[in-house]
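The values are calculated or read from the model by the stated rules, or taken from the named source; none is laboratory data. Just so you know, these numbers come straight off a predicted model, no measurement behind them. Methodologically, a virtual Cβ is constructed for each residue, glycine included, from the backbone with ideal geometry; neighbour enumeration extends over all protein chains shown.
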Amino acid sequence: MTSMVENAIEIVGDNTFKAVFDKGYFTAEEIHKTQELGVATHVCIPNPASHAPDKAYDVSEFTYNKKKIFILVQQGKY
C-alpha cells in the first residue's frame, strides 16, 4: 500500500490525491504510513457474510458485551 502511494506521488508529482484500496491491503500501519505521506487513504471493507457454513457460527448467534470488552456466547453457554 505504501509503496503504491509513493509510486503514485512520483508519477503525479504531488500528494493531493486520495488513495482507495480494497481490504486486502488494509492494515493500520499501512494506512498510517500513507497518511504520513500526506495522502488521504480510503479502504473498502465489505460487510461480513450473512451466514456461516454452520448456523451455530453465524454472527447472530454471538453476543457482544461492551462492559467486558467482548464475550462470545454460543448456544446459550459461556
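Conditions: (1) modelled with pLDDT of 80 or more; (2) part of a loop (DSSP other than H, G, I, E, B); (3) not hydroxyl-bearing (Ser, Thr, Tyr). His51 meets all but one. Number of the miss?
(1)
Out of all the residues in segment 1-40, which are surrounded by fewer than 15 Cβ atoms within 10 Å (Cβ to Cβ) and of a type in the set (Val, Ile, Thr)?
Once the filter is applied, which keeps residues that are surrounded by fewer than 15 Cβ atoms within 10 Å (Cβ to Cβ) and of a type in the set (Val, Ile, Thr), segment 1-40 yields Ile11, Val12, Thr16, Val20, Thr27.
Looking at segment 41-55 only, could you name the residues that are of a type in the set (S, T, N, Q) and exposed (fewer than 14 other Cβ atoms within 10 Å of the Cβ)? Show your work before the answer.
Taking segment 41-55 as the starting set, the residues that turn out to be of a type in the set (S, T, N, Q) are 41, 47, 50.
The answer is Asn47, Ser50.
Within segment 54-78, work out how many residues are at pLDDT below 70 and of a type in the set (Gly, Ala, Ser).
Residues flagged as at pLDDT below 70 and of a type in the set (Gly, Ala, Ser) within segment 54-78 amount to 1.
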